[in-house]
1. Straight-line reach only, C-alpha to C-alpha below 26 angstrom: list the lysines that Lys61 could link to, leaving out same-chain residues fewer than 8 apart.
2. Which three lengths, in whole Å and largest first, does region 5-55 cover when its Cα atoms are put on their principal axes?
3. Can you tell me the FRET efficiency between Val11 and Arg83 if r is taken as the Cβ-Cβ distance and R0 is 35 Å, rounded to the nearest 0.05?
4. Over 26 Å, how big is the tail of the calculated P(r) for region 1-118, in percent of all Cα pairs?
5. For region 9-20, in order, what is each residue's ³J(HN,Hα) by Karplus, 6.51 cos²θ - 1.76 cosθ + 1.60 with θ = phi - 60°, in whole Hz (x at glycine and Pro)?
6. In Å³ and rounded to a whole number, note down the convex hull volume per residue for the Cα atoms of region 64-107.
7. Label points 7 Å out from Cα along the Cβ direction at Thr98 and Ala35: separation in nm?
8. Excluding Gly26 itself, what net charge comes from residues whose Cβ is under 14 Å from its Cβ, given Lys and Arg +1 and Asp and Glu -1?
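We did not get these values from a lab; they are worked out from the coordinates using the rules stated. It should be emphasised that the depicted structure is a prediction, and the values quoted were computed from it without experimental measurement. Here Cβ is always computed from backbone atoms with ideal geometry, including for glycine, and neighbour counts include all displayed protein chains.
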Amino acid sequence: MARGINKVILVGNLGDDPEVKYTQSGMAVTTLRLATTSVRKDRDGNTQERTEWHRVKLFGKLGEIAGEYLKKGRQVYIEGSIRYDKFTGQDGQDRYITEIIADEMQMLGGGGERSERAAGGERGYGSSQRGGGAQPGRAPQQKAPVEEGFPDDDIPF
């Protein structure tokens, strides 16, 4: 039985160029500022827009790809989980931060460039990443063929 689900899917535009830093072990940690805008009509029929800003973290190879190919204004699809952290600021006050830890990223609407996809493995944190995705000028990686025709008895549910 599952304990819970923590899943976030965002499609938005970057507010700034990605900020890439590296851990002491050499793993990339990339931070994005992503804006999502929703539109609705109020009681009077007037269109109302609301923009939300999200802090997104990408680790390892996924972070390297984002840092290299994403630019301010670029539309991007992010899939991951939400994390809340608490820390004490320099003034002694408790501060809270909400971040999206990305597992998957897809570049969208790239001004003439084709859409590219990159998938991350676990959450980074020193774990291996599961694939680098396509890069401009390179052929996309082929996925392993899926075996067809297994007996129904092998289905785990």
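1. Counting by Cα, and skipping residues close in sequence, Lys61 has these lysines nearby: Lys7, Lys21, Lys71, Lys72, Lys143.
2. If we take the Cα atoms of region 5-55, the spans are 56, 30, 11 Å.
3. Approximately 0.95, to the nearest 0.05.
4. In whole percent, the long-distance tail amounts to 31.
5. 10, 10, 10, x, 10, 6, x, 8, 5, x, 10, 10
6. Taking only Cα atoms, region 64-107 has a hull volume of 111 Å³ per residue.
7. That separation, rounded to one decimal, is 1.8 nm.
8. Details: positive: Lys21, Lys61; negative: Glu64.
Its environment carries a net charge of +1.
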